[in-house]
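> First the structure, then my questions, so here it is.
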Protein chains: 2
Amino acid sequence: MSTGTRETIIEAVDGLPAVRITREFDAPPERVFDAHVDVDKVVRWLGPRGLTMTVQRWDAETGGGYRYVHADDRGEYRFFGSFHEVRSPDRIVQTFTFEGFGDSVCLETMTLTELPGGRARLVATSLFDSFEGRDAMLASGMETGVEEGYEKLDELLASR
Amino acid sequence: MSTGTRETIIEAVDGLPAVRITREFDAPPERVFDAHVDVDKVVRWLGPRGLTMTVQRWDAETGGGYRYVHADDRGEYRFFGSFHEVRSPDRIVQTFTFEGFGDSVCLETMTLTELPGGRARLVATSLFDSFEGRDAMLASGMETGVEEGYEKLDELLASR
């Protein structure tokens, strides 16, 4: 039982075309990190509820790449990117494109820090190539997908 | 023989932590693109004169990665990154880190457009994660390496 917060904070970064997400988990950095690289775990939590994730490629290592599809009754949403650096247990840098909506690319940096009580704080920064792209993402309702995904990750981390 | 310019323009992008490089070549996009992905060609032109480039990894494809060392009498300079997208004949998006100087990462997007007379225009944008990082790069004398590299690429393209 933890007394720490599990609120998801999503905010624009001052002066940069970037969004920063801060979230704490009731598990140490090693386990949160593992849930981001082990594809059998990733498919159980990434993205909003009600979507099925099909992975076409997943090489979560420095210089690797990924490609997956989220699908529901309304259609398919395709994503791909590369892993710039996967450095256990506390840092993942990757690129991200939502395929079919132009060529915009995000650079995403996730870091984990250890908190007292076997907990971890995750900070994920997405750098966009324009302020317009950043603001469109913030206006898109993306927080639902992020929050639901992290709730599923809470459940996965609790089920060991 | 061409009447086009081969001036290298290096400029800060207004309002973004980015640098844009514009350069024309006396060769069509396909050949300039090939010289960016074929590692036997890349080692002949990338970087300033007087350095030896040793490639440790080179998978120039969507979701691939690279790692290389530039060396001279004074030392070694190590670089690594991933290829977000390699889309022949006109677009390469990759990440870039100068190893050993913190964890800063650039997102680099290169596009090629066809010009009359069998020529090509290259536009390469490097997106930094801070304005300080961008300004430090601009103040570093990086233009010498960029200009000398593109002069060597001119020579390579002329030697077919």
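> Are any of the residues in segment A:18-34 farther than 22 Å from A:Thr125 by Cβ, in contact with a helix residue (DSSP H, G or I) (Cβ under 7 Å, 6 or more places away or on another chain) and more than 14 Å from every other protein chain (Cβ to nearest Cβ)?
Within segment A:18-34 (the criterion being farther than 22 Å from A:Thr125 by Cβ, in contact with a helix residue (DSSP H, G or I) (Cβ under 7 Å, 6 or more places away or on another chain) and more than 14 Å from every other protein chain (Cβ to nearest Cβ)), the answer is yes, since at least one residue qualifies.
> Taking segment B:71-107, which residues are touching a residue at least 60 places away in the same chain (Cβ under 8 Å) and at the interface with chain A (Cβ under 9 Å from one of its Cβ atoms)?
Result: no residue meets the conditions.
> Can you tell me which residue is surrounded by the most Cβ atoms within 10 Å (Cβ to Cβ) among those in segment A:7-23 that are of a type in the set (Asp, Glu) and in a loop (DSSP other than H, G, I, E, B)?
So, considering only residues that are of a type in the set (Asp, Glu) and in a loop (DSSP other than H, G, I, E, B), the one surrounded by the most Cβ atoms within 10 Å (Cβ to Cβ) is A:Glu7.
> Return the residue satisfying two criteria in turn: it lies in segment B:39-68 and is among the acidic types (Asp, Glu) and within 14 Å of chain A (Cβ to nearest Cβ), and of such residues it is nearest to B:Thr97 (Cα to Cα).
Within segment B:39-68, the first condition is being among the acidic types (Asp, Glu), and the residues that meet it are B:40, B:59, B:61.
After this cut, where a residue has to be within 14 Å of chain A (Cβ to nearest Cβ) as well, the list is B:59, B:61.
Details: B:Asp59: 16, B:Glu61: 18 Å.
Per the criteria, the residue is B:Asp59.
> Keeping to segment B:112-140, report how many residues are surrounded by fewer than 14 Cβ atoms within 10 Å (Cβ to Cβ), of a type outside the set (Gly, Ala, Ser) and in a loop (DSSP other than H, G, I, E, B).
Of the residues in segment B:112-140, 1 are surrounded by fewer than 14 Cβ atoms within 10 Å (Cβ to Cβ), of a type outside the set (Gly, Ala, Ser) and in a loop (DSSP other than H, G, I, E, B).
> Related question: Can you tell me how many residues in segment A:87-100 are assigned to a strand (DSSP E or B), over 15 Å from B:His84 (Cβ atoms) and open to solvent by 50 Å² or more (accessible area, probe 1.4 Å)?
Looking only at that region, the number is 1.
> Right, something else. Name the residues in segment A:24-70 that are of a type in the set (A, V, I, L, M, F, W, C) and assigned to a strand (DSSP E or B), would you?
A:Phe25, A:Met53, A:Val55, A:Trp58, A:Val69
> Under 7 Å between Cβ atoms, at least 6 apart or on separate chains: pull out the pairs that start in segment B:145-160 with a residue that is touching a residue at least 40 places away in the same chain (Cβ under 8 Å) and closer than 9 Å to B:Thr8 by Cβ and end on any residue that is surrounded by 15 or more Cβ atoms within 10 Å (Cβ to Cβ) and of a type in the set (A, V, I, L, M, F, W, C).
If the second residue must be surrounded by 15 or more Cβ atoms within 10 Å (Cβ to Cβ) and of a type in the set (A, V, I, L, M, F, W, C), the pairs left are B:Val146/B:Ile10; B:Val146/B:Ile21.
One line per residue, one yes/no per condition, for (1) of a type in the set (Lys, Arg); (2) crowded, with 16+ Cβ neighbours inside 10 Å:
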residue: A:Phe25; (1), (2): no, yes
residue: A:Lys41; (1), (2): yes, yes
residue: A:Pro48; (1), (2): no, yes
residue: A:Trp58; (1), (2): no, yes
residue: A:Tyr68; (1), (2): no, yes
residue: A:Asp73; (1), (2): no, no
residue: A:Glu85; (1), (2): no, yes
residue: A:Met110; (1), (2): no, yes
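The values are calculated or read from the model by the stated rules, or taken from the named source; none is laboratory data. Note that the structure is a prediction, hence the values are computed from the model and not measured. Cβ coordinates were reconstructed from backbone atoms using ideal geometry, including for glycine residues, and neighbour counts include every protein chain displayed. These area figures cover heavy atoms from the full protein model, side chains too; ligands, DNA and RNA do not enter into them. Shrake-Rupley method; radii C 1.70, N 1.55, O 1.52, S 1.80 Å.
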